[in-house]
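Novice: Structure provided below as structure tokens; questions to follow.
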Amino acid sequence: MRQRLTSGATPYLLVLPMLLAIVVVLGYPIVNLVELSLQQYGLFQLINHHGIYIGLVNFSTIFGDSVFWHTLIRTVLFTAANVGLTMGLGMLLALLLERVSLAVRLLLTVALVLVWSTPPVVGVEIWQWMTNVQNGVLNYALTQLHLGNFIQHNWYTTTVSQYAMVTSLLVWGALPFVVITTYAALSQVPSELVEAAQLDGASAPRVFTAVTLPVIRPVLLILTSLSIIWDFGVFTQPFLLIGPDQQNPSNYLMSIYLYVEGYGQTNFGLGAAISIVMLAIVAVLSVFYVRAMVRVGDE
Amino acid sequence: MSRKRSTRTGWNIVGVGVFLVMVFPVYWMISTAFKSDSQINSYTPSWLPTQFTLQHFRTVMNTPGFWSDVTNSLIVVLVTVVIAVGLSFFAAVALARYRFGGRKLVIVLVIGIQMLPQTGLLIPLFVLLARYHEVGTLSGLVLVYLTFALPFCVWTLRGFMIAIPRELEEAAMVDGASRLGAFVRILLPLIAPGLVATSVYTFITSWNEYLFANTLLRTGHHYTITLWLSDLTGGQRAIDWGAVMAASTLISIPVVVFFLLVQRRIAYGLTAGAVKA
Amino acid sequence: MKFRGLALLTAALTLAIGVATASSAFATTTHTLTVWLQVDPQQNTAWMADIASTDSAFEAANPGWTVSHQYLPWGTHLQTLDTALAAGGSNVPDVVEMGNTEMTKYMAEGAFANLSGDKSQFANSSHWLGGLTASSTYNGKLYGVPYYAGSRVITYRSDLFAKAGVKGLPTSLAQFQTDLTKVASKEKKVKGFAPLYVGGEDWYTALGFVFDYNGSIAKYNGHKWVGTLDSKNSIKGLTAFQQFFDATQPKSSITANGTTPTPYSVFAEGKTSANYGPAWYSCCTGKNYTKVTKQFVMPSHSKGKSMPGFLGGSDLVVPAGSANETQAVQWIADYTGTTSEKALDAIGNIPNATNLLTNSVNDRAAARSWFVPQAVNWVDVENANVLPTMLRSILSRQLTVKQAATVASEQIASTLNQPAS
């Protein structure tokens, strides 16, 4: 039975600096965001520093817009696919890192850090080259491997295909952090416990679920909740890879919907309202993981 | 014994395969940096930079602003990392080891901040910072980066701390260490891998960050390297992809260096001196 | 122990930031004129020299003043402007370069200072290019000064044309199409060759055909906007574009937007014999073809005339919140004066007045031009990709020309008629 320490001022002093930084910098902007969502605030109002209070009209506009609902469903599915792939592959690669020799581990770590440090815009450009209709490596390789005729195949004609390209780019870019962090968590698993379980005759999957998983569970919960947050609100890669010219209501993601409807049309009040709705949705999507995480710490 | 070795070889082969797949796009970026312009714009891709040239690297290093912007980025990022990791370690300790009133609220705040769509905050942040003459300055940018880095670092470090049994610190306190001393001397080394992951993440995110840098620094005279890079592709004229790739290659070097340093000093340095349970 | 090192490091870095911040504060002891231009000049030494000489002339005439420049990328410069306007005060720049298609919305919301009274200060103002003047005027008042324009020309491989037996430059669209087909038949062996590189979704090209037949995008009938892409003339133009496209393009170009891959890189690779685009494309057509790269004005379907080209360009404005309007006007007058505009012309831009036009291909292409509707919400039509979608449906035969044009017309009308946000 673990008991929490309940001594006086110490915890408050420990969190104070962090809280201070956040409140000082984000306090006003967050309050302002809420205010804006209740106002009509376009270019005219921006120039004159004065909005028109219209109550919840912005929100009813959003909820009455069928584009919003379709975009929401599309984004949820997109997020599920990305998070699933990132966490699944991330876990596998972290386990792989444990099992290879030191030289290969170093090789992989360097590769991961290089991938991690690639600026997102550069990642988009590399992907555009690789998936190019005329001379992309992807078409060339698939045809050579006799997986079909992919000469001059355009990967950006259907929404599903566009998303597949974006997903591959995002997962590639997200793996380094997940793999390195999961591997760090794995290194905290006491080797004595693992050896003891193996000596007892437990199979590898059993060792994993009984010994490893409970130790790394907090970190996995964090990574999953963070991945949900990031993948739901991702903007740069889908916007640039699919192309600013190719964005239309049939392939919007939530962040692009926010950008086009809010800022593209200089409707800052509506943009603020969409931001708050997005915040609420992400909170709902990640509540399970966050609650599990908080409860873990309470044991 | 030999079965273990052949399994390991098997894993090594898989590992090398994964390495090739992951690193291919990066290889493409680096090899493009060394290719001549005609090879880059060629319709048929060439795997190796057979028309090898250092011209793009020279162009990049001679373009005005490159070195000063790299310096600006380094300053901003290093200050952010040190302060963020430092402050968040202590905040994470509070959340992982203490029970106190308002604890749940702090957790909600920490996770909630990370859910905010950042585009919504750009204009209000600019207006706020402008009031205190912190726009166009590196210090203003550091403040903003800190604010977004802190919740992430706290959240992640807390996760690593929870996995460490409390008994280790209690044992050290029985030996006469103060509570805080126990945290620093026992807990900190044991979550070293977590510190590495968190600090490298903060470094990279701040290093590559564009949205806030673009909003806050455009009216001043100190740009970060991400702004410099985006301006290479921002005009209506032809984009010099060789230069962009050369620049990106150069820009990734500090990240790799930082990772290696941190890996060596934190992960090895701290654990070497830790009191073993 | 080890933390001392970290503490020292942080202190040193914080000091560095402090110094950096302080040094920028020292710059405000004199008056500063803040000028925002786009990044294009930075890639051209002659252009930067022009700006520098304007600055020195201004500073000589205004002792105690310095000019401070920002060079902004096209993609995000409007967001940067919005943010500065929101913060107000000293954050508002004094001179800003705006793309001509970006002007209307801001003029309608009162973002720019009224320069009607200063018109006489600007050289050649009575000869300003129609397209640019239209973009700087709202409700009869002048809110911007034409800066420079860009039109479109055909950049072509004179050697391939000669090889195919093409004699002389085409004077009509039909002639041009025949010439292109001749070149294509000679280059059958080159994989993926298209005699003219045009993207199916490139509406800047396609709509030239519409205006060539006296069609238009939308008209304001006094109290609301009416979409006119489904008018008889517009449909004639779109059909002409469809026929031209079918005759000269491979199917894979239907979904191309004409900018990725860049036309001049396709040219440099030998996969096309002609580009339709800005005159500066000739810079980048590859080492192999520098000697044979030439240009001519794209012909209209009417013999002897030129195809109307989209008149792109920029205007210079003074934001309404700027505290230095007088000095800003002076700087702009200097920068758009005759000497400066001639320098801009030499660089490859089209100058802002008809009396400054030379006989270059680039300048002649501006003789017939078209522009987008002067509507506050036009930017929203562009952001919703209405025109690329229409072209895609036409070229892929998903819809007939009339159907696609009708859909687009309705969308444009409803977007333009929405109350300004």
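The values are calculated or read from the model by the stated rules, or taken from the named source; none is laboratory data. For clarity, every value in this text was computed on a predicted model and none was experimentally measured. All Cβ positions, glycine included, derive from the backbone under ideal geometry; neighbour counts span all protein chains shown.
Novice: Any idea which of A:Val219, A:Val287, A:Val296 is at pLDDT below 90 and either surrounded by 23 or more Cβ atoms within 10 Å (Cβ to Cβ) or in contact with a strand residue (DSSP E or B) (Cβ under 7 Å, 6 or more places away or on another chain) (or both)?
Specialist: Working: A:Val287 fails: either surrounded by 23 or more Cβ atoms within 10 Å (Cβ to Cβ) or in contact with a strand residue (DSSP E or B) (Cβ under 7 Å, 6 or more places away or on another chain) (or both); A:Val296 fails: either surrounded by 23 or more Cβ atoms within 10 Å (Cβ to Cβ) or in contact with a strand residue (DSSP E or B) (Cβ under 7 Å, 6 or more places away or on another chain) (or both).
After applying the criteria, what remains is A:Val219.
Novice: Filter segment A:284-299 for residues that are within 24 Å of B:Thr119 (Cα to Cα) and without any contact (Cβ under 8 Å) to a residue 24 or more places away in the chain and give the result. Give the steps one after another, and end with the answer.
Specialist: Going through segment A:284-299, the residues within 24 Å of B:Thr119 (Cα to Cα) turn out to be A:284-287, A:290.
Within segment A:284-299, A:Val284, A:Val287 meet the criteria.
Novice: Quick one: what pairs do we get from segment B:187-209, first residue farther than 20 Å from B:Leu141 by Cα and more than 7 Å from chain A (Cβ to nearest Cβ), second among the aliphatic types (A, V, I, L, M) and part of a helix (DSSP H, G or I), C-beta under 6 Å, 6+ apart or different chains?
Specialist: Hits for this filter: B:Pro189/B:Leu270; B:Ile191/B:Met161; B:Ala192/B:Ile266; B:Ala192/B:Ala267; B:Ala192/B:Leu270; B:Leu195/B:Ile266.
Novice: Taking the criterion of being assigned to a helix (DSSP H, G or I) and either within 7 Å of another protein chain (Cβ to nearest Cβ) or at pLDDT below 90 (or both), would at least one residue in segment A:247-254 satisfy it? Full working, then the answer.
Specialist: In the first step, residues of segment A:247-254 are kept if they are assigned to a helix (DSSP H, G or I); the result is A:254.
Narrowing the set further to residues that are either within 7 Å of another protein chain (Cβ to nearest Cβ) or at pLDDT below 90 (or both) leaves none.
Checked segment A:247-254: no residue is assigned to a helix (DSSP H, G or I) and either within 7 Å of another protein chain (Cβ to nearest Cβ) or at pLDDT below 90 (or both).
Novice: Does A:Leu175 count as at pLDDT 85 or above, in contact with a Gly (Cβ under 8 Å, 6 or more places away or on another chain) and within 20 Å of A:Phe235 (Cβ to Cβ)?
Specialist: On the way: at pLDDT 85 or above: yes; in contact with a Gly (Cβ under 8 Å, 6 or more places away or on another chain): yes; within 20 Å of A:Phe235 (Cβ to Cβ): yes.
It is true that A:Leu175 is at pLDDT 85 or above, in contact with a Gly (Cβ under 8 Å, 6 or more places away or on another chain) and within 20 Å of A:Phe235 (Cβ to Cβ).
Novice: So, one more: Within the set of pairs 6 or more residues apart or between chains, which connect a residue that is free of Cβ contacts under 8 Å to residues at least 12 places away in the same chain and in a helix (DSSP H, G or I) inside segment A:113-135 to a residue that is hydroxyl-bearing (Ser, Thr, Tyr) and surrounded by 23 or more Cβ atoms within 10 Å (Cβ to Cβ) with Cβ atoms less than 7 Å apart?
Specialist: The qualifying pairs are A:Leu114/B:Ser252; A:Val122/B:Ser248.
Novice: Separate question: Is at least one residue of segment C:248-271 within 17 Å of C:Met298 (Cβ to Cβ) and surrounded by fewer than 20 Cβ atoms within 10 Å (Cβ to Cβ)?
Specialist: Taking segment C:248-271 first, the residues within 17 Å of C:Met298 (Cβ to Cβ) are C:248-249, C:258, C:263-264, C:267.
Now restrict to residues that are surrounded by fewer than 20 Cβ atoms within 10 Å (Cβ to Cβ): none.
Checking segment C:248-271: not a single residue is within 17 Å of C:Met298 (Cβ to Cβ) and surrounded by fewer than 20 Cβ atoms within 10 Å (Cβ to Cβ).
Novice: Sticking with this structure for a sec: The conditions are (1) surrounded by fewer than 23 Cβ atoms within 10 Å (Cβ to Cβ); (2) within 13 Å of chain B (Cβ to nearest Cβ); (3) β-branched (Val, Ile, Thr), and C:Thr228 fails exactly one of them. Which is it?
Specialist: Going through (1) surrounded by fewer than 23 Cβ atoms within 10 Å (Cβ to Cβ); (2) within 13 Å of chain B (Cβ to nearest Cβ); (3) β-branched (Val, Ile, Thr) one by one, C:Thr228 breaks only (2).
Novice: Quick check on this structure: which one of C:Gly222, C:Gly270, C:Gly215, C:Gly277 is over 20 Å from A:Trp129 (Cα atoms), of a type outside the set (Phe, Trp, Tyr) and touching a residue at least 24 places away in the same chain (Cβ under 8 Å)? Full working, then the answer.
Specialist: Working: C:Gly222 fails: touching a residue at least 24 places away in the same chain (Cβ under 8 Å); C:Gly270 fails: over 20 Å from A:Trp129 (Cα atoms); C:Gly215 fails: touching a residue at least 24 places away in the same chain (Cβ under 8 Å).
Being over 20 Å from A:Trp129 (Cα atoms), of a type outside the set (Phe, Trp, Tyr) and touching a residue at least 24 places away in the same chain (Cβ under 8 Å) holds for just one of C:Gly222, C:Gly270, C:Gly215, C:Gly277, which is C:Gly277.
Novice: Quick one: in segment C:276-299, of everything that is part of a strand (DSSP E or B) and within 14 Å of C:Asn362 (Cα to Cα), which residue is farthest from the other protein chains (Cβ to nearest Cβ)? Steps first, please.
Specialist: Applying the first criterion (part of a strand (DSSP E or B)) to segment C:276-299 yields C:276-277, C:293-296, C:299.
Checking which are within 14 Å of C:Asn362 (Cα to Cα) leaves us with C:276-277, C:294-296, C:299.
Details: C:Tyr276: 16, C:Gly277: 11, C:Lys294: 19, C:Gln295: 16, C:Phe296: 21, C:Pro299: 25 Å.
Checked segment C:276-299; the qualifying residue farthest from the other protein chains (Cβ to nearest Cβ) is C:Pro299.
Novice: Specify which of the listed residues (B:Ser178, B:Ser199, B:Ser206) is of a type outside the set (A, V, I, L, M, F, W, C) and at pLDDT below 85. Walk me through how you get there before you give the answer.
Specialist: Working: B:Ser199 fails: at pLDDT below 85; B:Ser206 fails: at pLDDT below 85.
So the residue among B:Ser178, B:Ser199, B:Ser206 that is of a type outside the set (A, V, I, L, M, F, W, C) and at pLDDT below 85 is B:Ser178.
Novice: Still on this structure: Since C:Ser360 meets every condition but one in (1) farther than 21 Å from C:Tyr204 by Cα; (2) hydroxyl-bearing (Ser, Thr, Tyr); (3) more than 23 Å from the chain's Cα centre (by Cα), which condition does it not meet?
Specialist: Among (1) farther than 21 Å from C:Tyr204 by Cα; (2) hydroxyl-bearing (Ser, Thr, Tyr); (3) more than 23 Å from the chain's Cα centre (by Cα), the lone unmet condition for C:Ser360 is (3).
Novice: Also: Can we say A:Leu226 is under 17 Å from A:Leu85 (Cβ atoms), without any contact (Cβ under 8 Å) to a residue 40 or more places away in the chain, assigned to a helix (DSSP H, G or I) and within 11 Å of chain B (Cβ to nearest Cβ)? Write out each step before concluding.
Specialist: On the way: under 17 Å from A:Leu85 (Cβ atoms): yes; without any contact (Cβ under 8 Å) to a residue 40 or more places away in the chain: yes; assigned to a helix (DSSP H, G or I): yes; within 11 Å of chain B (Cβ to nearest Cβ): yes.
Against the criterion (under 17 Å from A:Leu85 (Cβ atoms), without any contact (Cβ under 8 Å) to a residue 40 or more places away in the chain, assigned to a helix (DSSP H, G or I) and within 11 Å of chain B (Cβ to nearest Cβ)), A:Leu226 qualifies.
Novice: Exactly one condition in (1) more than 22 Å from A:Gly42 (Cα to Cα); (2) touching a helix residue (DSSP H, G or I) at 6+ places or on another chain (Cβ under 7 Å) is not met by C:Glu109; state its number.
Specialist: (1)
Novice: A further question on this structure: Could you list, in sequence order, the residues of segment A:111-167 that are touching a Lys or Arg at 6+ places or on another chain (Cβ under 9 Å) and closer than 27 Å to B:Val16 by Cβ?
Specialist: The answer is none; no residue qualifies.
Novice: Test A:Ala202 against the stated conditions and say whether it is more than 14 Å from the chain's Cα centre (by Cα), over 16 Å from A:Thr86 (Cβ atoms) and at pLDDT below 85.
Specialist: yes
Novice: While we're on this one: For segment C:91-121, name all the residues that are among the hydrophobic types (A, V, I, L, M, F, W, C) and surrounded by fewer than 22 Cβ atoms within 10 Å (Cβ to Cβ).
Specialist: Initial filter on segment C:91-121 (among the hydrophobic types (A, V, I, L, M, F, W, C)): C:92, C:95-96, C:98, C:103, C:107-108, C:111-113, C:115.
C:Ala108, C:Ala113 - these are the residues of segment C:91-121 that are among the hydrophobic types (A, V, I, L, M, F, W, C) and surrounded by fewer than 22 Cβ atoms within 10 Å (Cβ to Cβ).
Novice: Restricting the search to segment A:6-35, which residues are farther than 23 Å from B:Tyr145 by Cα and more than 8 Å from chain B (Cβ to nearest Cβ)?
Specialist: A:Gly8, A:Ala9, A:Glu35
Novice: I'd like to check something: does segment A:230-249 contain any residue that is touching a residue at least 60 places away in the same chain (Cβ under 8 Å), charged (D, E, K, R) and closer than 25 Å to B:Val23 by Cβ? Explain how you work it out, then say what you get.
Specialist: Pass one, segment A:230-249, residues touching a residue at least 60 places away in the same chain (Cβ under 8 Å): A:231-232, A:234, A:236-238, A:240-243, A:246, A:249.
With charged (D, E, K, R) added as a condition, the list becomes A:231.
Now drop any that are not closer than 25 Å to B:Val23 by Cβ, which leaves A:231.
Taking every residue of segment A:230-249 in turn, at least one turns out to be touching a residue at least 60 places away in the same chain (Cβ under 8 Å), charged (D, E, K, R) and closer than 25 Å to B:Val23 by Cβ.
Novice: If you don't mind, another one. Restricted to segment C:132-155, and to residues that are among the aromatic types (Phe, Trp, Tyr) and within 15 Å of the chain's Cα centre (by Cα), which residue is nearest to C:Asn114 (Cα to Cα)? It would help to see each step written out before you state the result.
Specialist: Start the filter on segment C:132-155 by keeping residues that are among the aromatic types (Phe, Trp, Tyr), which leaves C:138, C:143, C:147-148.
Retained after the next criterion (residues that are within 15 Å of the chain's Cα centre (by Cα)): C:147-148.
Values: C:Tyr147: 17, C:Tyr148: 20 Å.
By that ranking, first place goes to C:Tyr147.
Novice: Among the residues in segment A:5-27, are any assigned to a loop (DSSP other than H, G, I, E, B), at pLDDT 90 or above and out of contact with any Cys (no Cβ under 8 Å at 6 or more places or on another chain)?
Specialist: Of segment A:5-27, the ones assigned to a loop (DSSP other than H, G, I, E, B) are A:6-9.
Checking the rest, the ones that are also at pLDDT 90 or above come to none.
Scanning segment A:5-27 turns up no residue that is assigned to a loop (DSSP other than H, G, I, E, B), at pLDDT 90 or above and out of contact with any Cys (no Cβ under 8 Å at 6 or more places or on another chain).
Novice: If you don't mind, there's one more thing I want to ask. Does segment A:276-283 include one or more residues that are assigned to a helix (DSSP H, G or I), more than 10 Å from chain B (Cβ to nearest Cβ) and touching a residue at least 60 places away in the same chain (Cβ under 8 Å)? Walk me through how you get there before you give the answer.
Specialist: Taking segment A:276-283 first, the residues assigned to a helix (DSSP H, G or I) are A:276-283.
Restricting the remaining residues to those that are more than 10 Å from chain B (Cβ to nearest Cβ) gives none.
No: zero hits.
Novice: For A:Thr212, which of the numbered conditions (1) among the polar types (S, T, N, Q); (2) surrounded by 17 or more Cβ atoms within 10 Å (Cβ to Cβ); (3) more than 26 Å from A:Val110 (Cα to Cα) fails to hold?
Specialist: So the condition that A:Thr212 fails would be (3).
Novice: Sticking with this one: Does any residue of segment B:210-220 turn out to be at the interface with another protein chain (Cβ under 7 Å from one of its Cβ atoms), crowded, with 23+ Cβ neighbours inside 10 Å and in contact with a Pro (Cβ under 7 Å, 6 or more places away or on another chain)?
Specialist: no
Novice: While we're here: Identify all residues within segment C:193-226 that are within 23 Å of the chain's Cα centre (by Cα), over 24 Å from A:Pro244 (Cα atoms) and not aromatic (Phe, Trp, Tyr); write none if there are none.
Specialist: C:Leu196, C:Val210, C:Asp212, C:Asn214, C:Gly215, C:Ser216, C:Lys219
Novice: Answer with yes or no whether C:Ser302 is of a type outside the set (Val, Ile, Thr), in a helix (DSSP H, G or I), over 24 Å from the mean Cα position of the chain (by Cα) and away from chain B (no Cβ under 12 Å). Show your work before the answer.
Specialist: Numbers: of a type outside the set (Val, Ile, Thr): yes; in a helix (DSSP H, G or I): no; over 24 Å from the mean Cα position of the chain (by Cα): yes; away from chain B (no Cβ under 12 Å): yes.
So C:Ser302 does not fit the description; no.
Novice: Please state which one of C:Ala404, C:Ala367, C:Ala413 is among the aliphatic types (A, V, I, L, M), farther than 14 Å from C:Thr104 by Cβ and buried (at least 22 other Cβ atoms within 10 Å of the Cβ). Even if it seems obvious, please write down each step before you answer.
Specialist: Numbers: C:Ala367 fails: buried (at least 22 other Cβ atoms within 10 Å of the Cβ); C:Ala413 fails: buried (at least 22 other Cβ atoms within 10 Å of the Cβ).
One residue alone meets the criteria, C:Ala404.
Novice: May I ask you to verify whether B:Gly112 is surrounded by fewer than 22 Cβ atoms within 10 Å (Cβ to Cβ) and within 24 Å of A:Val287 (Cβ to Cβ)?
Specialist: On the way: surrounded by fewer than 22 Cβ atoms within 10 Å (Cβ to Cβ): yes; within 24 Å of A:Val287 (Cβ to Cβ): yes.
Spelling it out, B:Gly112 is indeed surrounded by fewer than 22 Cβ atoms within 10 Å (Cβ to Cβ) and within 24 Å of A:Val287 (Cβ to Cβ).
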